[in-house]
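**Student:** Okay, here's the structure, questions in a sec.
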Amino acid sequence: MKNCRLLFCLPILLVLLSFQNDYQSTNGQIGKVIPAFSLRNIDNKIVNLVDYKNAKGFIVVFTCNHCPFAKLYTKRLNDLSKHYDSLGVYLLAINSMDTGIYEDESFALMQKRAETEGYLFPYLQDASQKTGKLFKAKHTPQAYVLWKENNNWVIKYTGAIDDNGENPTLANPYIAKAVDALLKNETLSNPETETFGCRIIYR
C-alpha cells in the first residue's frame, strides 16, 4: 500500500520540483561580467553580442516552448523589444532546455512557436546549455539586464520580468524600471527579484 502511494505521488512531486520559485539562486550575479556569446537564432543565423554595434545594453530572457508560465509573457516581451530596441537596448530570448528531456524544445518547434506567436526578437537555441550555465539561469522565464561598462557586459538586474504573470496591467514592471533607470544613469533600487517558472534541468 505504501509503495502504491509513493508511485502515485512521484509524478506530482516531479512537477512541483520543476515548477517553483528560487530566490537564492539569483544572489551573487549582480556585477558579473558576461563575455560575448554566440548562439543560433531561429533564422539559422548566428547571433553574437558584438553584432550590436550601438548597443547600450541587453534584456536577456531565458524562456522555452512548453512552460505555461513562460507562455504568458509573449506580448510583454514583444512590447519590451519594440520599446527599447530604438533606445539601443535589445531583447534576446534564449532556450536552454534539454531537448533530450523535452521533445517540444527542438529547434524546429522553436521556429514554429516564434512564427505562430509573432516574436519580434531573436529566439536563440542554447543547445550546449553553456550560456544558461554562464548566467546561472534556473527558470523559464528568468530575465537579466546586461549593461555596457568599459567595453564589458555587466549584469545589472536579475530575476523576474514582472510580478504578475496573469495580469500585466497590475504587474510591477521590474525589467522596464531597471532599463529606464540605467538609461538615466541611475542606481537600480531593486536589482534582484524572485523568479518563478519551470526549472531548467542541466545535463
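The values are calculated or read from the model by the stated rules, or taken from the named source; none is laboratory data. Remember, predicted model here, so these are calculated numbers, not experimental data. No Cβ is skipped: glycine too gets one built from the backbone with ideal geometry, and neighbour counts run over all protein chains shown.
**Student:** Limited to the stretch 180-194, what total is found for residues that are outside any loop (DSSP other than H, G, I, E, B) and either closer than 15 Å to Gly31 by Cα or among the charged types (D, E, K, R) (or both)?
**Tutor:** If we filter the stretch 180-194 for residues that are outside any loop (DSSP other than H, G, I, E, B), which is where we start, we get 180-183, 192.
Imposing the further condition that a residue be either closer than 15 Å to Gly31 by Cα or among the charged types (D, E, K, R) (or both) reduces the set to 180, 182, 192.
Residues in the stretch 180-194 being outside any loop (DSSP other than H, G, I, E, B) and either closer than 15 Å to Gly31 by Cα or among the charged types (D, E, K, R) (or both): 3 in total.
**Student:** Still on this structure: Being buried (at least 17 other Cβ atoms within 10 Å of the Cβ), in contact with a helix residue (DSSP H, G or I) (Cβ under 7 Å, 6 or more places away or on another chain) and of a type in the set (Val, Ile, Thr) narrows it down to one of Thr158, Thr131, so name that one.
**Tutor:** Thr158
**Student:** Something else about it: Counting just the residues of the stretch 74-107 that are β-branched (Val, Ile, Thr) and crowded, with 22+ Cβ neighbours inside 10 Å, which one comes out farthest from Leu39 (Cα to Cα)?
**Tutor:** Top of the filtered list is Val89.
**Student:** Among the candidates Thr26, Thr74, which residue alone is at pLDDT 95 or above, within 19 Å of Ala171 (Cβ to Cβ) and β-branched (Val, Ile, Thr)?
**Tutor:** Details: Thr26 fails: at pLDDT 95 or above.
Going through Thr26, Thr74 in turn, just one is at pLDDT 95 or above, within 19 Å of Ala171 (Cβ to Cβ) and β-branched (Val, Ile, Thr): Thr74.
**Student:** How many of the residues in the stretch 48-73 are buried (at least 18 other Cβ atoms within 10 Å of the Cβ) and under 13 Å from Ala93 (Cα atoms)?
**Tutor:** So the answer is 11.
**Student:** Okay, next question. Does Ala114 fit the bill of being of a type in the set (A, V, I, L, M), touching a strand residue (DSSP E or B) at 6+ places or on another chain (Cβ under 7 Å), crowded, with 20+ Cβ neighbours inside 10 Å and farther than 24 Å from Arg203 by Cα?
**Tutor:** Yes, satisfied.
**Student:** Looking at Gly88 and the list (1) in contact (Cβ under 8 Å) with a residue 40 or more places away in the chain; (2) on the phi > 0 side of the Ramachandran plot, which single condition is not satisfied?
**Tutor:** (1)
**Student:** While we're on this one: Among the candidates Gly197, Gly165, which residue alone is buried (at least 19 other Cβ atoms within 10 Å of the Cβ), of a type outside the set (Ser, Thr, Tyr), over 14 Å from Val60 (Cβ atoms) and in contact with a His (Cβ under 8 Å, 6 or more places away or on another chain)?
**Tutor:** Values: Gly165 fails: in contact with a His (Cβ under 8 Å, 6 or more places away or on another chain).
Going through Gly197, Gly165 in turn, just one is buried (at least 19 other Cβ atoms within 10 Å of the Cβ), of a type outside the set (Ser, Thr, Tyr), over 14 Å from Val60 (Cβ atoms) and in contact with a His (Cβ under 8 Å, 6 or more places away or on another chain): Gly197.
**Student:** Consider Tyr123 carefully, then state whether it is of a type outside the set (Lys, Arg), within 15 Å of the chain's Cα centre (by Cα) and crowded, with 21+ Cβ neighbours inside 10 Å.
**Tutor:** Numbers: of a type outside the set (Lys, Arg): yes; within 15 Å of the chain's Cα centre (by Cα): yes; crowded, with 21+ Cβ neighbours inside 10 Å: yes.
When the stated conditions are applied, Tyr123 passes them.
**Student:** Does Asp162 satisfy the criteria of being on the phi < 0 side of the Ramachandran plot and assigned to a loop (DSSP other than H, G, I, E, B)?
**Tutor:** For Asp162, the condition - on the phi < 0 side of the Ramachandran plot and assigned to a loop (DSSP other than H, G, I, E, B) - is met.
**Student:** Considering only residues that are of a type outside the set (S, T, N, Q) and assigned to a strand (DSSP E or B), which ones fall in the stretch 82-96? Break it down stepwise before answering.
**Tutor:** Taking the stretch 82-96 as the starting set, the residues that turn out to be of a type outside the set (S, T, N, Q) are 82-85, 87-94.
Those that are of a type outside the set (S, T, N, Q) and assigned to a strand (DSSP E or B): Val89, Tyr90, Leu91, Leu92, Ala93, Ile94.
**Student:** Tell me, which residue of the stretch 40-81 that is assigned to a strand (DSSP E or B), of a type in the set (Val, Ile, Thr) and touching a residue at least 12 places away in the same chain (Cβ under 8 Å) is farthest from Gln125 (Cα to Cα)?
**Tutor:** Ile59
**Student:** Output the residues belonging to the stretch 129-174 that are farther than 20 Å from Lys75 by Cα and out of contact with any strand residue (DSSP E or B) (no Cβ under 9 Å at 6 or more places or on another chain).
**Tutor:** The answer is Gln129, Lys130, Lys133, Asn150, Asn151.
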